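Notes to accompany the following structure.
What follows is calculated from the coordinates using simple rules that are stated; it is not laboratory data. Keep in mind that this is a model prediction, so the values were computed, not measured. In this analysis, Cβ positions are derived from the backbone assuming ideal geometry, glycine residues included, and neighbour counts consider all displayed protein chains.
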Amino acid sequence: MKWSEISIHTTQEAVEPVSHILHDAGAGGVVIEDRADYFRERESRYGEIFQLSADDYPETGVLIKAYLPESGMLEQTIGDICASVTKLKDYGVDIGANEVAVSEVDEEEWSTAWKKYYKPEKVGTRITVSPSWENYEPEQSDEVVVELDPGMAFGTGTHPTTVLCLQALEKRMVSGIHMMDVGTGSGVLAIAAAKLGASVVDAVDLDPVAVKAARENVQFNQTEQVVRVSESDLLSGAEGTYDLVTANILADIIVSMVPDAKRAVKPGGHLIVSGIIEKQRDQVRTALMEAGFVMVETTEMENWTAFTVQRPEED
């Protein structure tokens, strides 16, 4: 079977939204080639990338690659992808060079070769994210392993915005809590919460591709008794209030959902938001403070920011 590889030269800032656009267009997964990943110092051996050299990465920016089956609609699909990526500028996202290249590949060539790029990575004190085929064995008794298939949706769960969320989640997790994960994507946050002791996790996403992928990942991790995945627009499907709400989404969308988040978080509960680029950090912080949240923690990684805030007990 013939497939077309679409490669988009963009910025680190645009990785999440561009990946979302590609998945929405029908790509089964994305490959992210970022030169910073090769040279990044790692605190542990997890996440090391093998069989690579600096020449495998672009000199500047990030290459995002996806694969689409060849069909009579391919040209239109690629045109729609290009238009959607360009439109990200309207939301204040720097898309960089925005150069698009398309090439033909054989299914046999890429269907398994891409897996060599993904290895288990320890992203928190206890949390390790592992590709589902790795058969990773925990190295500590209380380690929580979230197994994902990067071919399903939204990468391996080790993008800085996701790592910041996972680390904040680990700090605020209390056994038995009720949690909502807004814009769940692959379901990595919801699965981690379930394995850390949450009793109920509502995971929602507007994208049906993400909902399907999250359900498959939830089932693979045997957390379906705790995690309920549904298609919903942000917090519109929230039932009652939650001890913890997480949202790893675009900054503009975080700002728009802050009033609903205030109503969805129990008094004394926490809200964790990530996906915030440096130039929108103050905008999001201001929206959270004006809504009455109290700042608990600000964390940063590779020019990305995550906020953990709390709704006051007396509110």
- Item | Summed residue charge, Cβ within 15 Å of residue 175's Cβ, Lys/Arg positive, Asp/Glu negative | +1
- When 169, 68 are arranged by how many other beta-carbons sit within 10 Å of their Cβ, fewest first, they go 68, 169
- Per-residue ³J(HN,Hα) for the range 127-143, Karplus 6.51 cos²θ - 1.76 cosθ + 1.60, θ = phi - 60°, Hz, x for Gly and Pro: 8, 10, 9, 10, x, 5, 8, 7, 6, 5, 9, x, 9, 9, 5, 9, 5
- Task: Measure off 7 Å from each Cα along the Cα-to-Cβ vector at residue 94 and residue 282, then give the distance between these two points in nanometres to one decimal.
- Result: 1.6 nm
- Message: Give me a comma-separated list of calculated 3J(HN,Hα) values for the range 254-260, in order, Karplus coefficients 6.51, -1.76, 1.60 applied at θ = phi - 60°, integers in Hz, x for any Gly or Pro.
- Response: 4, 4, 5, 9, 4, x, 5
- Note on the structure: Relative contact order in percent for the range 121-310 (Cα pairs under 8 Å, 6+ apart) equals 18 percent
- Message: Whole angstrom only: what separates the Cα centroid of the range 203-242 from the Cα centroid of the range 273-315?
- Response: 24 Å
- For residue 228, the residues 5 or more places away or on another chain with a placed amide H closer than 5 Å to its own amide H are 201, 202, 203
- Task: List the residues whose amide H sits under 5 Å from the amide H of residue 28, counting only those 5 or more places along or on another chain, with H placed 1.01 Å from N in the peptide plane.
- Result: 67
- Note the direction-averaged projected area, equal to a quarter of the hull surface, for the Cα convex hull of the chain, in nm². 15.7 nm²
- Going down the list 89/279; 195/279; 171/212; 65/89; 119/279, which pairs span over 23 Å between their C-alpha atoms? 195/279; 171/212; 119/279
- Item | Residue range of the chain that is longest and free of GluC sites (Glu not before Pro) which are both DSSP loop and sparsely packed (at most 12 other C-beta within 10 Å) | 140-238
- In debye to the nearest 20, the charge dipole size for the chain, taken about the Cα centre with +1 at each Lys and Arg Cβ and -1 at each Asp and Glu Cβ, equals 800 debye
- Task: Show the residues, 5+ positions off or on another chain, whose built amide H is closer than 5 Å to the amide H of residue 127.
- Result: 144
- Message: Spelling out what I want: for every residue of the range 82-92, take phi, set θ = phi - 60°, compute 6.51 cos²θ - 1.76 cosθ + 1.60 (Karplus), and round to whole Hz; glycine and proline get x.
- Response: 4, 5, 5, 5, 4, 5, 4, 4, 5, 9, x
- Item | CD proxy at 222 nm, helix term only [per DSSP H run n ≥ 4: -39500 (n - 2.57); per residue of the chain; nearest 500] | -8500 deg cm²/dmol
